[in-house]
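Beneath this line is the structure, given in structure tokens, with notes to follow.
The values are calculated or read from the model by the stated rules, or taken from the named source; none is laboratory data. Bear in mind that the values here come from a model prediction, so they are computed numbers and not experimental data. Backbone-built Cβ (ideal geometry, glycine too); neighbour counts: all protein chains shown. Side chains included, ligands, DNA and RNA excluded: accessible areas come from the protein's heavy atoms. Shrake-Rupley method; radii C 1.70, N 1.55, O 1.52, S 1.80 Å.
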Amino acid sequence: MRLQLYNSLNRRKEEFIPIHQGQVGLYTCGPTVYNFAHLGNLRTYIFEDILKRVLLYNGYRVQHVMNITDVGHLTGDRDMGEDKMEKGAQREGRSAWEIAEFYTRAFKDDIARLNILAPDIWVKATDTIDDQIALIRTLEEKGYTYQTRDGIYFDTSKFADYTKLSHQDIESLQEGARVEKNPEKRNATDFALWKFSPGDVRRQMEWESPWGIGFPGWHIECSVMSMKFLGDQLDIHCGGTDHIDVHHTNEIAQSEAATGKKFFNFWMHGAFLIIAGGKKMAKSEDNFLTLENAFLKQNLNPLVYRFAAFQTHYRKPMEYSEESLQAARNGLQHLQNQVRQVTQNSAGQEGTINEALKNKFLEAINDDLNMPRAMAVVQEMLKSSIRDADKHAMIMNFDRVLGLGLDQVDKPQELPAEVQKLVEERAAARAGKDWSASDRLRDKIQELGYLVQDTKEGMKVIKK
Ligand SMILES: [Zn+2]
């Protein structure tokens, strides 16, 4: 079965056909590094990882770009409010640059813990300021921009079909956008390409530009980075559903206005995470759960969260509760036990792939990444009457998509001697309740590229 993906642009499932045969350009909007990613954000990255793994499983070469937003993302989506980075810096008494570095590292640790494949290219917004200025100049030359007292704006009325992704009625969109008032904007949906630094405050992050000292708007970076690194192979662009109305809509407007070409063929969006009680998880809400506080500090394997995410289709809101977490924990443990069993029963034997079962799995994942169905096929396969050696071969094959590290289930990890020594010292420190030594040794181990998790079964050390 050929790969079908739901395209937000046309609001239907479509057969995925890449622009260049055999290869896919994938762009996923990355984190704004002013705080930890919360579990709702991470759900989106898990969905994108499944997409990437499914593309690879289908035999495509994938070129994946992810941005790091380290400037320009304001607290209000429509260019009002404070810069999230500068606000984070104030909150923590550190510079915006330090905040960016700290939370970028935290984000990379988080996705490694969730077995999310790292992008081929990471790009920081602050590393592409010249390219962003160049794109704004192009838009200016083509007559799409105007200047106000606080910045250079994109005139959305000059771009036909501004709502082709959001499918909103332009009138109601204008109304909705009017909540944040800026009287100098010609249309409520117009957005900033470049914002001037305020005259009375010196920002930590600001640059010279043809229009004056300031910083880029949030949307321009994603247009620049996708086109800079993927060229004209603009296949799939992903993000959370909350990106549709403003961020992705504006990306399309400014990119297509600049190039005169269709920007991306496929737009895919992951739904929210809902905390029991019905609220969407957001950084601005109190229900702010991170991998650190909800998993690591509770001695829970972060892959339980990855497993939990497979229980709900990515376009449906996912409920997060004690019960769903417990169910995922049991489910993952059960799967690991099954894998351990077939591994032991078939030691030394070569397995073969059962094509009928493999096709069933492929049909599920190729039907718009239907992971709940794929997980049912996994169980069907493990409970079938095929040989254990074949089950072993197949679960390892499926794990290329699942990414649950099932090949590690039965293998104690071989650590380099240097790391092993620190692990033993840390175990001794913990036995002696010397927590500061334990923390110091953990940091040392992590500096050597290993993650330390304290679980009920003891300390686990895995390669980052
Ligand atoms: Zn983006």
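Quick notes
- Number of the condition not met by residue 341 [criteria: (1) of a type outside the set (Asp, Glu); (2) open to solvent by less than 60 Å² (accessible area, probe 1.4 Å); (3) in contact (Cβ under 8 Å) with a residue 40 or more places away in the chain]: (2)
- Restricting the stretch 289-328 to residues that are among the basic types (Lys, Arg) and open to solvent by 70 Å² or more (accessible area, probe 1.4 Å), the residue that is modelled with the lowest pLDDT: 297
- Residue in the stretch 435-453 that is small (Gly, Ala, Ser), at pLDDT 90 or above and outside any helix (DSSP H, G or I) present: no
- Residue that is nearest to the ligand (Cβ to nearest atom) [pool: residues in the stretch 191-218 that are of a type in the set (A, V, I, L, M) and farther than 24 Å from residue 158 by Cβ]: 205
- A residue that is assigned to a strand (DSSP E or B) and open to solvent by 20 Å² or more (accessible area, probe 1.4 Å) cannot be found anywhere in the stretch 51-58.
- Candidates 102, 107 - the one that is touching a strand residue (DSSP E or B) at 6+ places or on another chain (Cβ under 9 Å) and either more than 28 Å from residue 190 (Cα to Cα) or within 15 Å of the ligand (Cβ to nearest atom) (or both): 107
- The stretch 219-231, residues that are among the charged types (D, E, K, R) and more than 13 Å from the ligand (Cβ to nearest atom): 228
- Summed over the stretch 182-211, the residues that are surrounded by 13 or more Cβ atoms within 10 Å (Cβ to Cβ), assigned to a loop (DSSP other than H, G, I, E, B) and modelled with pLDDT of 95 or more give a count of 2.
Let's see how each residue does on (1) crowded, with 23+ Cβ neighbours inside 10 Å; (2) polar (S, T, N, Q); (3) touching a Cys at 6+ places or on another chain (Cβ under 7 Å); (4) modelled with pLDDT of 95 or more:
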residue: 7; (1), (2), (3), (4): no, yes, no, yes
residue: 15; (1), (2), (3), (4): no, no, no, yes
residue: 22; (1), (2), (3), (4): no, no, no, yes
residue: 25; (1), (2), (3), (4): yes, no, no, yes
residue: 38; (1), (2), (3), (4): no, no, no, no
residue: 61; (1), (2), (3), (4): no, no, no, yes
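- Residue 102 being of a type outside the set (A, V, I, L, M), touching a Pro at 6+ places or on another chain (Cβ under 9 Å) and in a helix (DSSP H, G or I): no
- Of the residues making up the stretch 135-151, those that are among the hydroxyl-bearing types (Ser, Thr, Tyr) and either part of a loop (DSSP other than H, G, I, E, B) or open to solvent by less than 20 Å² (accessible area, probe 1.4 Å) (or both) are 144, 146, 148.
- Restricted to the stretch 27-36, and to residues there that are buried (at least 23 other Cβ atoms within 10 Å of the Cβ) and more than 13 Å from the ligand (Cβ to nearest atom), the residue that is modelled with the lowest pLDDT is 34.
- Scanning the stretch 232-264 for residues that are within 16 Å of the ligand (Cβ to nearest atom) and without any contact (Cβ under 8 Å) to a residue 60 or more places away in the chain, we see that the one that is nearest to residue 19 (Cα to Cα) is 263.
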